[in-house]
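Have a look at the structure below, then the notes.
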Amino acid sequence: MEIEMKIRGLMMDPVTNVPIVILKGVEGSALLPIWVGVYEANAIALEIEKIATPRPMTHDLLKNVLHGLDCSVNKVVVNQLIDDTFYAIIWLERDGRLISVDSRPSDALALALRTDSPIFVEEEVIKSSKAASAKQEKDSSQELKRWLENLGDEDLGKYKM
């Protein structure tokens, strides 16, 4: 089952100093942190902040190509978590036909923001993420989990939504 989510914020992991996109369920309390690269985080941050660039960035180019092909983004789905790596699918629609495109979650999220498309996460991914998190916490600490669960708007800095 797919759970609709929104980007709650973008922040730096206080332990690893790697950017994290925080997804939160539209209904309910589902929460999913996805660690992303610096460049991918920048692409997401530019769109969250509605910062225009002098030339199209990669995700803007993709949006323009899709528009030129009379194709729309139906939705993006974070659909798998394998060996601590998240996977996503971008669902495109053209002439009433759905087309699935394999994607990194960060690229799918950046495109979803630019096309105002819904974001979904498979329920199994959330469960797997929680299970993996619980195992890691058992080995190390529960500090990060508590930190994520207790995030306030002021903690999300300038990238809160």
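For the reader, a short list of remarks on this structure follows.
- The residues listed here are Glu93, Glu49, Glu4; of these, the one that is in contact with an Asp or Glu (Cβ under 9 Å, 6 or more places away or on another chain) and among the acidic types (Asp, Glu) is Glu4.
- Residue within the stretch 81-90 that is farther than 23 Å from Met11 by Cβ and in contact with a helix residue (DSSP H, G or I) (Cβ under 6 Å, 6 or more places away or on another chain) present: yes
- Looking across the stretch 93-114 at every residue that is surrounded by 19 or more Cβ atoms within 10 Å (Cβ to Cβ) and free of Cβ contacts under 8 Å to residues at least 60 places away in the same chain, the one that is nearest to Ile20 (Cα to Cα) is identified as Ala108.
- Of all the residues in the stretch 12-43, those that are within 17 Å of Tyr87 (Cα to Cα), of a type in the set (Gly, Ala, Ser) and assigned to a strand (DSSP E or B) number 0.
- Test: residue in the stretch 47-58 that is in contact with a Ser or Thr (Cβ under 9 Å, 6 or more places away or on another chain), under 25 Å from Lys24 (Cβ atoms) and surrounded by 18 or more Cβ atoms within 10 Å (Cβ to Cβ): no
- The stretch 82-124: number of residues that are in a helix (DSSP H, G or I) and over 23 Å from Val38 (Cα atoms): 2
- The residues of the stretch 4-32 that are over 20 Å from Arg114 (Cα atoms), surrounded by fewer than 20 Cβ atoms within 10 Å (Cβ to Cβ) and touching a strand residue (DSSP E or B) at 6+ places or on another chain (Cβ under 8 Å), listed by number, are Met12, Asp13, Thr16, Val18, Glu27, Gly28, Ala30, Leu31.
- Ile22 vs. criteria touching a Gly at 6+ places or on another chain (Cβ under 6 Å) and within 22 Å of Glu123 (Cα to Cα): yes
- Consider the stretch 71-92 and keep the residues that are buried (at least 17 other Cβ atoms within 10 Å of the Cβ) and either in contact with a Cys (Cβ under 8 Å, 6 or more places away or on another chain) or β-branched (Val, Ile, Thr) (or both). The one that is nearest to Asp116 (Cα to Cα) is Val73.
- Filter pass, Ala52 being farther than 20 Å from Glu154 by Cα and at pLDDT below 95: yes
The values are calculated or read from the model by the stated rules, or taken from the named source; none is laboratory data. Source: prediction; values computed, not measured. Counting neighbours? That spans all protein chains shown, and the Cβs are built from the backbone with ideal geometry, glycine included.
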